[in-house]
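One structure is given here, and the rest of the page talks about it.
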Amino acid sequence: MVSLYLNVTPPRPFKSELHSLIHEKRARLAASGVEKGLRRNIDEVLDRIRAHVDGLRTLEGARLLVLFATPDGFWQGYRLPVALPSRLYVEPDPYIRPLTALLEEFDRYCVLVVDAREARLFTMYLGEIEEHLGFFESDTPSWISEGDGRAARGPALGVGPWAGWREPKIQRHIQDHVHRHLKQVSDRTFQAFKRFSFDRLIVGAPEGREGKIYPMLKRHLHSYLQGRLAGVFPGEPDMPEHELKKRALEAAQAHERAEEERLIARLLEESQHRDGLGVLGIERVLPALMLGQVHTLVVDHSFRTPGRVCPADHYLSLSEDRCPLCGGKLAPVEDFVDEVVEEAIAQGAEVEHVFTEHPEFSAQGSGALLRFRV
Ligand SMILES: [Zn+2]
């Protein structure tokens, strides 16, 4: 299986970059004594990939091209809006670690931007606005919006529709409008959640958490949505799209970092006790994984270690030569952690990639929360 991750972010000369990646890979395969027939097959796949990439005209905002291909005709390609370093792998199975890291790093977010009168709802995935679910305008009198619920900066008393009304009554009337609006917005957001099964909700409101609208909105939000709230940022529905995207993304990243902190703290805590449900370090993670004990595999994004894998049954080993399951010869792999990630996914375990530095954890590179101890 040839796996290609190609950073195509403009103005990168990605075609010539691919040429040199292929050139290096061929030299390495020749030097490593791969059997001639197999090498010819791999060469054909590499040629097909090069022809495909050379023929690319428009990339439509893609920043990463991912391709998996085999000599027997398997071909699967993806275009993603997030860049990763260019890499080319030829191994018994697909190199999936960067993909799983991307998918995890970016939950599918629903972003709601709301003020006293309007609301905008969109979905955000892999750092991009994926789909606009609608712009919503309530029947709240238009001059209320700028007050975000502070209300009644409106027309002078004694004229227009408010003639003869007392101030407290006007206030109450406005508050009713705003509450009705926020209730409708909350209902629509909940409907969108049910339809699209988002992971998280992010809310933009005037002055964010500190403003008046957000606390009012929160009282209307379905408890299911409250439980999925990942962040609140200062924003208004008529802000430029790129600005809303930037703020929503910052809120999402802050949320991901906080989750990561909690996970690492728990892992360190569990691995300190003799009977705790946590292990640190690949030499302890691997046996636990092979016994089906792993609930959540945690790997540092930059951690790499060599190892071996059985091409027949995916038995993993740090040092053995032969597979104890089938007696076959184990094949060395450049990035053993990729195989560990793949095995964990195959077992239905969760995989968490750690992107920031945590001295105690980073020194180990990997760890796991266990389902049980043996
Ligand atoms: Zn085997």
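The values are calculated or read from the model by the stated rules, or taken from the named source; none is laboratory data. Quantities reported herein were computed from a predicted structural model and do not represent experimental measurements. Because the Cβ atoms are built from the backbone with ideal geometry, glycine has one as well, and the counts that use them run over all protein chains shown.
Taking into account only those residues within the stretch 349-365 that are in contact (Cβ under 8 Å) with a residue 12 or more places away in the chain and among the acidic types (Asp, Glu), which is nearest to the ligand (Cβ to nearest atom)?
Here the answer is GLU350.
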Checked LEU225, LEU267, LEU249 against criteria (at pLDDT 95 or above, closer than 30 Å to HIS295 by Cα, assigned to a helix (DSSP H, G or I) and of a type in the set (A, V, I, L, M)); the one match is LEU267
Can you report the number of residues in the stretch 271-287 which are in a helix (DSSP H, G or I) and among the acidic types (Asp, Glu)?
1
Can you name the residue in the stretch 331-374 that is over 18 Å from ARG304 (Cβ atoms) and assigned to a loop (DSSP other than H, G, I, E, B) and, of all such residues, is modelled with the highest pLDDT?
ARG371
Checking the conditions here, which among ALA346, ALA368 is within 23 Å of the chain's Cα centre (by Cα) and within 16 Å of the ligand (Cβ to nearest atom)?
ALA346
For residues in the stretch 305-329 being touching a residue at least 60 places away in the same chain (Cβ under 8 Å) and part of a loop (DSSP other than H, G, I, E, B), which is nearest to GLY348 (Cα to Cα)?
HIS314
Tell me, yes or no, whether the stretch 303-315 has at least one residue that is away from the ligand (no atom under 16 Å from the Cβ) and small (Gly, Ala, Ser).
no
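Does ALA252 qualify as being touching a residue at least 12 places away in the same chain (Cβ under 8 Å) and in contact with a Gly (Cβ under 9 Å, 6 or more places away or on another chain)? I'd like the intermediate steps shown before the answer.
On the way: touching a residue at least 12 places away in the same chain (Cβ under 8 Å): yes; in contact with a Gly (Cβ under 9 Å, 6 or more places away or on another chain): yes.
Answer is yes for this residue.
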